[in-house]
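Enquirer: Quick one: structure below, then a few questions.
What follows draws every value from the coordinates through simple rules; no lab data is involved. Just so it is clear, the structure is predicted and the values come from calculations on it, not from any experiment. Methodologically, a virtual Cβ is constructed for each residue, glycine included, from the backbone with ideal geometry; neighbour enumeration extends over all protein chains shown.
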Amino acid sequence: MISQDCRPAVCSLPSMDRQHPTMRFDLHVHTSYSYDCFLSLETLAAAVRRANLDGLAVLDHDQIEGALRLRDTAPFRVIVGEEIGTADGGIGALFIEQRIPPHLSAEETISRIHEQNGLVFIPHPLSRRVPGRIAERKLLEIIDQVDLVEGYNARAPLLADDLRAQELAARYGIPVAAGSDAHFAREVGRAWTEIEDFETREEFQRKVRYAQLRYTRKTPYAVPLATVLVMIPALGTLRALKTVWRRTLRLAG
């Protein structure tokens, strides 16, 4: 289980073979290529070094250009991903090479991820107060097609929701991962997944089942709210508020 204090904590999962080196991966980070984030690739790279991470997964909203650019220039590992705003809520993709458009059904989105040999990753699946998450009823409908569940999200305000996500994943035999969901540099590395070194998607998929979820502390709830202010210059005040409202309405589902 995850400790609730502010010291580095660990969620214990099946033990890894300690003869092999482990890597620290923040498996959920955004960049300025997301509509709600101003975190440049250069600033992100510096934050990764400060956090002592070995790599990360970039899951920009409905975009992969930032992830591709960072992978080409970064001195650390970068998994190209996308947080896709489907008609049923957010679904993540890992190890993809082509952008998947938003507003498709969950089923069509999953099909397109798997067509690229990517992994279906569900971010903050049961996290209350997180706009845009996938509706729980829809998640249960597509659960047998899910490859990875986010078992700890540093931006999700309630630890109990992380634990519920872990319990859901365990019930269906799905591995879990941890990520900061960083939109600002200071958030990078607040949560990470400790995993044996890997080279391919297949190795990652096998080894993440024995990974450990680590974190330092939750991101204060005021920080995600500040993301709305970041959206205003790009979208305008009214459109930004409408976007947040639409995503919030999905929570009722």
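Enquirer: Using a cut-off of 9 Å between beta-carbons, work out the net charge of the residues near ASP60 (Lys and Arg +1, Asp and Glu -1, ASP60 not included). All intermediate terms of the calculation are to be shown ahead of the outcome.
Expert: Details: positive: none; negative: ASP62, GLU65, GLU82, GLU83.
Within the 9 Å Cβ shell, the charges total -4.
Enquirer: Which net charge results for the neighbourhood of HIS183, defined as the other residues with beta-carbon distances under 9 angstrom from its beta-carbon, given Lys and Arg at +1 and Asp and Glu at -1?
Expert: Values: positive: ARG155; negative: ASP36, ASP181, GLU187.
Counting the neighbours of HIS183, the net charge comes to -2.
Enquirer: What's the local net charge at GLU42, with K and R +1, D and E -1, over the other residues with C-beta under 14 Å away? If you can, show how the numbers build up before the last one.
Expert: Working: positive: ARG49, ARG50, ARG69; negative: ASP72.
Here the count lands on +2.
Enquirer: While we're here: What list do you get for VAL80, VAL58 if you sort them by fewest beta carbons within 10 Å?
Expert: Working: VAL80 24, VAL58 31.
In order of increasing Cβ crowding within 10 Å: VAL80, VAL58.
Enquirer: Here's something else I'd like to know. Arranged by the count of other C-beta atoms within 10 angstrom, fewest first, what order do HIS183, HIS20, HIS124 take? Provide the component values of the computation, followed by the final result.
Expert: Details: HIS183 23, HIS20 11, HIS124 29.
Exposure proxy ranking, most exposed first: HIS20, HIS183, HIS124.
Enquirer: What ranking of LEU59, LEU213 emerges when the number of other C-beta atoms within 10 Å of each C-beta is taken as an exposure proxy, fewest first? Walk me through the numbers on the way to the answer.
Expert: Values: LEU59 30, LEU213 24.
The order, fewest Cβ neighbours first, is LEU213, LEU59.
Enquirer: Also, I was wondering about something else. For region 138-189, state which chymotrypsin sites (Phe, Trp or Tyr not before Pro) are in a DSSP loop and have at most 11 other beta carbons lying within 10 Å of their beta carbon. Provide the component values of the computation, followed by the final result.
Expert: On the way: sites: TYR152, TYR172, PHE184; in loops: PHE184.
Passing both the DSSP loop test and the Cβ count: no residue.
Enquirer: Which of the trypsin sites (Lys or Arg not before Pro) across region 87-171 are loop residues per DSSP, with 16 or fewer other Cβ within 10 Å?
Expert: Loop-located and lightly packed - ARG128, ARG129.
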